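The values are calculated or read from the model by the stated rules, or taken from the named source; none is laboratory data. For clarity, every value in this text was computed on a predicted model and none was experimentally measured. Cβ placement follows ideal geometry from the backbone for every residue including glycine, while neighbour counts extend to all protein chains displayed. Note: accessible area is taken over every heavy atom of the protein model, side chains too, but ligands, DNA and RNA are not part of it. Shrake-Rupley method; radii C 1.70, N 1.55, O 1.52, S 1.80 Å.
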Amino acid sequence: MLRTLAATFLILSHLVGERAAANGFELIIRASGGDEARYTVGELDTREQVSFTTSTIWTNDVVTFSGVPLKDLLPDMPSNATLTLVALNDYAISIPMAEIGFSYPIVATRMDGSEMAVRDKGPFWLVYPYDSDASLQTETIYARSIWQLIEIRVSE
Ligand SMILES: Nc1nc2c(c(=O)[nH]1)N[C@H]1C(S)=C(S)[C@@H](COP(=O)(O)O)O[C@H]1N2
Ligand SMILES: [Mo]
């Protein structure tokens, strides 16, 4: 009984910890004019979700990602804009706006239905449906697959 209680407590505190970790983060989007928007995982959850199942170079098995298409967070951005995406560890990568599709990449907030802790490349990870096309299995696309994403700057 005590053991069960202790185990339950450990599991619960772990879950609460993960939630708090993910909730503490905001994805910041800075437009070139100076406007900025901030999104928590909870806020992204209120948007239309896209999910796909794919293998990745970072996971052993096929995984299902879900989240929001990046394009949905960048309405009305000119197609000649450039995005600079920045991670917690200061890794940064540029992507031309013209190469952001309607259905992918997505800002994934869940892998196999669970929020991703920072140590699991979360809480925001830009991912592509790699298995769907050989053109998504390139070094360029892998380099754009930025995890622990914290900021997107738009420049024109
Ligand atoms: N946050 C973050 N995302 C990142 C990177 C990184 O260092 N930090 N490396 C990128 C690069 S250059 C590639 S090719 C892929 C694969 O990196 P890996 O093979 O080191 O896992 O992840 C990309 N996403
Ligand atoms: Mo890379």
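Miscellaneous remarks
- Taking region 68-90 as the range and being within 16 Å of ligand 1 (Cβ to nearest atom), of a type outside the set (Val, Ile, Thr) and assigned to a strand (DSSP E or B) as the test, the residues that pass are Leu83, Leu85, Ala87.
- Residues that are away from ligand 2 (no atom under 16 Å from the Cβ), closer than 19 Å to Asp72 by Cβ and aliphatic (A, V, I, L, M) within region 101-142 comprise Ile106, Val107, Ala108, listed in sequence order.
- Check on Ser51, surrounded by fewer than 17 Cβ atoms within 10 Å (Cβ to Cβ), in contact (Cβ under 8 Å) with a residue 12 or more places away in the chain and either small (Gly, Ala, Ser) or within 16 Å of ligand 1 (Cβ to nearest atom) (or both): yes
- The residue pairs whose first member lies in region 79-93 and is surrounded by 15 or more Cβ atoms within 10 Å (Cβ to Cβ), whose second member is basic (Lys, Arg), and whose beta carbons are closer than 6 Å, counting only pairs six or more residues apart or on different chains, are Ile93/Arg144.
- Every pair of residues 6+ apart whose Cβ atoms lie under 8 Å, when the first sits in region 131-149 and is free of Cβ contacts under 8 Å to residues at least 24 places away in the same chain while the second is open to solvent by 30 Å² or more (accessible area, probe 1.4 Å) and away from ligand 1 (no atom under 13 Å from the Cβ): Ile141/Ser135
- Of all residues in region 127-137, one or more are surrounded by fewer than 22 Cβ atoms within 10 Å (Cβ to Cβ), modelled with pLDDT of 95 or more and within 12 Å of ligand 1 (Cβ to nearest atom).
- Filtered residue count, region 138-156, keeping only those that are assigned to a loop (DSSP other than H, G, I, E, B), open to solvent by less than 30 Å² (accessible area, probe 1.4 Å) and more than 22 Å from Asp120 (Cα to Cα): 0
- Selection status of Leu149, under 16 Å from the mean Cα position of the chain (by Cα), more than 15 Å from ligand 2 (Cβ to nearest atom) and modelled with pLDDT of 95 or more: yes
- The one condition from (1) more than 12 Å from ligand 1 (Cβ to nearest atom); (2) surrounded by 15 or more Cβ atoms within 10 Å (Cβ to Cβ) that Asp112 does not meet is (2).
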